[in-house]
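Just so it is clear, none of the values below were taken in a lab; they were calculated from the coordinates. All values derive from a computational prediction rather than experimental measurement. With ideal geometry, Cβ positions are generated from the backbone for all residues, glycine too; neighbour counts draw on all protein chains shown.
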Number of protein chains: 2
Amino acid sequence: MKRTILSLLTLLFAINLFAQFGAPPLVSPEINGTDVTFRLRAPKAIKVELNGDFLPKKEIETPMGKMSVPAPVEMVEGEGGVWEYTVKDVSPDYCSYTFTVDGQKMLDPSNVKTVRDGQNFTNYFIIAGEKSDLFLEAEAKKGTLSKVWYPSNAFGAERRMSVYTPYGYGESNKKYPVFYLQHGGGGDEDAWPTLGRACQILDNLIAQGKAEPMIVVMPNADPNSLAAQDVMDKLPGPSIFSLGMESEELHSGGNYTKDLVEDIIPYVESHYNVIKKKESRAIAGLSMGGIYTLYTTPRHPELFDYIGVLSMGFTPERDVKAELTPIKDAGYKLYWVGCGETDMAWANAERLLKGLDEMDMEHIYFGEVGGHNWDTWRVCLKELAPLLFK
Amino acid sequence: MKRTILSLLTLLFAINLFAQFGAPPLVSPEINGTDVTFRLRAPKAIKVELNGDFLPKKEIETPMGKMSVPAPVEMVEGEGGVWEYTVKDVSPDYCSYTFTVDGQKMLDPSNVKTVRDGQNFTNYFIIAGEKSDLFLEAEAKKGTLSKVWYPSNAFGAERRMSVYTPYGYGESNKKYPVFYLQHGGGGDEDAWPTLGRACQILDNLIAQGKAEPMIVVMPNADPNSLAAQDVMDKLPGPSIFSLGMESEELHSGGNYTKDLVEDIIPYVESHYNVIKKKESRAIAGLSMGGIYTLYTTPRHPELFDYIGVLSMGFTPERDVKAELTPIKDAGYKLYWVGCGETDMAWANAERLLKGLDEMDMEHIYFGEVGGHNWDTWRVCLKELAPLLFK
C-alpha cells in the first residue's frame, strides 16, 4: 500500500516533469558562456528551423522597401528525432526565439520562459553581460508587482493596470515619487513588466543606488481595452488606429489620456504613499504611448516635471511650437527623447528634437539604440530611470 | 510623407495582429453556446489532432492499471490549409486543450489564453454555466493580485508569493482575515491564481456576498524553489519527492512549513491590514499542500481556526490520532476535507475522515468532485471559501 501511494505520487510528479511521456526531458536552450544550443524532439518532422532575434540578419522585401531581419537557420536531426542547433557568440542580451516545424511556428516545450507580445508568444533567455545585467532578477531587495483593477470613469468600467512598488514600500510612512509608463500600440499593462523587464531594471537600479526608489504605474494604455486580451476581450468597435494618424482621437488617446489624468493619477495618489507634486511625477511612453505623452504633457503642464518620449515624436500635422510652449512656460526638470536613427519613428523624433532646439528647451537625446522594438525600449528604460526625481 | 508614416504604423500594428504574415487571423476557439470550433492553419501538415479535457474518454494502460483519459480527435483539413473540428455540447466549464500536428504538441496560435502547469503550457477557454460562472472575471469590485518578494529566513533568500487583496482593501483602516492556500507538487505561487482561478472565484463570491472579504496568500510551497521556474531556476539538489513518502522531510515540507510559520505569516501580519487572531486565519492545501496542511496544523494548533485538506489525507505511516489530537484539544471552527472517490489520494482522505469520525471531531466532507486535478480543486475552492471566517 505504501509502495502504491509512493508510486502514484511519483508518477504524478513525473507526469508534471515529462512533457512527452516516456522520453527524457531535453535541455533547451543550453547556455555555455555565449554559445547557446537549442533542441527539439520532433521525430516525424522533415524540416525544423530556429527563429531568433540574435541570429545573423538578411534583407527582405516589404511594402516599404528592403528591411534587414534575422534569418532563420535550419536545425539538424540527431538521435531519437532530437533536432539541434548551436549559435556561437551570442551577444549578451535578452534574446527571443521560436521554432518552425515543417512550416508551423511553435514554442520550445523545454523552455518555461515564454513572453506574450500582444497576441504572439515567443520563448526567451537572457545572457548576462554589460547590456543585460539589469534585465536579470536582482539578488535581493526586490519590489512587488501588482495587477490592480481601478474604477475608470472615462470608460465606465474597471480597468487593469500594473503597479510596481519598490522594496521596502509600506514598511514606513515614507512617500514615493511616481513614474507613469505607457506601452505602445498592440500592447497592454503586461508589456512593460514582461517584455520591458521593468521590475528587474528598477529593482537592480534601486538596489545599486543608481535610481531613486519610485512607484512605477504601467496602465493599460489601449483605448480599445479594459485589460490585457488574455484577461478580457477587446472592447467592441473599431481600433483607434483605424481612425488614421491625422485623427485627433489617436493623438488624444481616445478615452485613455482622460482616464490617465482623471482616474489613474487620482487613484494612485489616494491609494498609495506618494508625493503629490509635479516634481515627483514622471511620464513616459513608447510609440503610441509616446504620442499620448506628447499629447498629455502640454495639456497638463502642471502634472509632470519629468517627460520621456521613446521611439516617437511629432507627426507632420502637429504644430510643434504650440505643443511645446505650455511645457516650456510651466517649466520642467527633464525632457528626454530616446530614438535610434534606424527607428521607423525617427522622422517624428527629429521633428520633436528640432522643436526643442528651436525653442531653446533643455533636453537629453539618447540615440544609442536600434529599431522600433523592445530591445530599444529596455535600454531606454535603463537610461531614463536613473535620471528621474533627482 | 504623411502616408508613409501612416503605412509604417499600420504595418507595425498589422504585424502584431497577424501571427502568420499575409494570412487572415483565424477565430479559434469559436464558442457558440456549448458548441466549440477549433481551427489551425497548417497547410503542410498530414495529421492534426485536438487534445482536450472536455473530449469523450477512452481507457488506456498505465503502470498502475487502466486509466480513463480524454481521447484526442482528428481535425479535418479545409480551404487554405485550415484544419477544423467542432465539439458539440461541451459541458459549461473551464476547458483546457492543445493541438498535435504530425505528432508535435503545440498551442493554438489564435488563442491568447494560455496557462502554465509546472513546465507545461495549454490553452484554455471558459463556457459560462452553473459550475463555471465563478471562474469568469467578475463584472466589478475586483481585487488586486500582487507578486510579493519577502525575506525568508528559512531559505536565507527572498522568496516569491502571490497575494490577493479584496476589492476595497486599503481604502479604510479595516482589517481582514487571511487564508493561506497551498498548491501541490510541481506547482508554484502562480498555480492558484491561474489554474485555480482563485482571484475570480474570490472576487465573485465576495461581490455576491457569499464569502467574507479576505486576503488570500498563495505562497510558493515548493521547498526546492524560491519562485516559479519561469522566474528563477529551481534550487540545486534533489527534489523533496525523491526522499520518499515515508520521509519526515516530505511531511514537514523541508524548509517550507518553517518558512510559512516563521517568515510568511509574520510578514503578512506586519505588512497588511490583517486581524492577527486564530479565528481570522485559515489554511488549506491540495495534494502536497494538503500534506503540509496536515503537518502544520497539529504542530501549531494556536494558529488556524479553519483547516482545509484537498485531495489528500494521512499516508499509512502517520499516527492519525496523534496528528489530530492537538487540533481537537486546542479547538477549531472548521475542518473541511475535499476529495473525490476516484482521486488517487482517496485512500489517504479515507484515513483522515475515519480519524476525524473516531475522534468525534466535527468536520465537513465534500466529495462531489472527480480526480486529482484542477477541475477538482477549483470546485473545492468555490465550496470552501464561503465557509471561512463565519
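Computed about the Cα centre, the dipole magnitude for the protein assembly as shown is approximately 880 debye when only Lys and Arg (+1) and Asp and Glu (-1) carry charge, each at its Cβ. Computed over region B:187-338, the range of Cα coordinates on each principal axis works out to 44, 42, 29 Å, biggest value leading. The dipole here belongs to region B:22-131: it is taken about the Cα centre, uses +1 on the Cβ of Lys and Arg and -1 on the Cβ of Asp and Glu, and is about 240 debye. On the basis of the beta-carbon distance and an R0 of 60 Å, residue A:362 and residue A:59 show a calculated FRET efficiency of 0.90. Sorted from greatest to least, the principal axis extents spanned by the alpha carbons of region A:177-243 come out as 46, 21, 15 Å. Take each residue of peptide A:136-145, count the partner chain Cβ atoms within 10 Å of its Cβ, and average: the result is 4. Of the beta bridges in the protein assembly as shown, as assigned by DSSP with both residues counted there, near 70 percent are antiparallel. When exposed loop sites are taken as GluC sites (Glu not before Pro) in a DSSP loop with at most 16 other Cβ atoms within 10 Å, the longest stretch of chain A clear of them is A:1-129. When chain A is treated as a GNM with alpha-carbon contacts under 10 Å, the residue of A:379, A:148, A:369 showing the greatest mean-square fluctuation is A:148.
Only four residue types carry charge here, +1 at the Cβ of Lys and Arg and -1 at the Cβ of Asp and Glu. Report the dipole size of region B:328-390 about the Cα centre in Debye, rounded to the nearest 20.
Working: 7 positive and 11 negative charges, 62 e Å.
Approximately 300 debye in magnitude.
Restricting the trypsin sites (Lys or Arg not before Pro) of region A:267-307 to loop positions (DSSP other than H, G, I, E, B) with no more than 16 neighbouring Cβ atoms within 10 Å leaves A:276, A:277. Note on chain A: dipole from Cβ charges, positive end direction compared against A:316, A:291, A:138; the farthest Cα belongs to A:138. Extending 7 Å from the Cα toward the beta-carbon at both residue A:86 and residue B:153 defines two label points whose distance is 4.8 nm.
Annotation: the residues A:53, A:222, sorted from fewest to most other C-beta atoms within 10 Å of their own C-beta, follow the order A:53, A:222. Of the beta bridges in region B:135-387, as assigned by DSSP with both residues counted there, near 35 percent are antiparallel. Taking 7 Å steps out from each Cα toward its Cβ at residue B:299 and residue A:74 produces label points 5.8 nm apart.
I'd like the FRET efficiency for residue A:329 and residue B:130, computed as 1/(1 + (r/R0)^6) with the beta carbon distance as r and R0 of 60 Å, rounded to 0.05. Show your work: numbers first, answer last.
Numbers: r = 61 Å, r/R0 = 1.01.
Step by step, r from the Cβ atoms, then E = 0.50.
Between residue B:321 and residue A:249, the distance separating the two model label sites (each 7 Å from Cα on the Cα→Cβ line) works out to 7.6 nm.
Residues whose amide H lies under 5 Å from that of residue B:336, counting only those 5 or more places away or on a different chain, are B:307, B:308, B:309, B:364; hydrogens are built 1.01 Å from N in the peptide plane.
Along its three principal directions, the equivalent ellipsoid of chain B from the Cα gyration tensor extends over semi-axes of 40, 26, 21 Å, largest first.
Considering only Cα atoms, the convex hull volume of region A:131-201 works out to 121 Å³ per residue.
Centroid-to-centroid, using Cα positions, region B:311-340 and region A:312-384 are 64 Å apart. Can you tell me how region A:22-131 classifies by the Cα gyration tensor, rounded, prolate or oblate, using a/c under 1.5 as the rounded cut? Since a/c reaches 1.5 but b/c is at least a/b, the shape of region A:22-131 is classed as oblate.
Which of B:172, B:270 has the fewest other C-beta atoms within 10 Å, and how do the rest follow up to the most?
Numbers: B:172 8, B:270 11.
Ascending Cβ contact count within 10 Å gives the list B:172, B:270.
Using the rule -39500 (n - 2.57) for each DSSP H run of four or more residues, divided by the residues of chain B, the 222 nm mean residue ellipticity is -7000 deg cm²/dmol.
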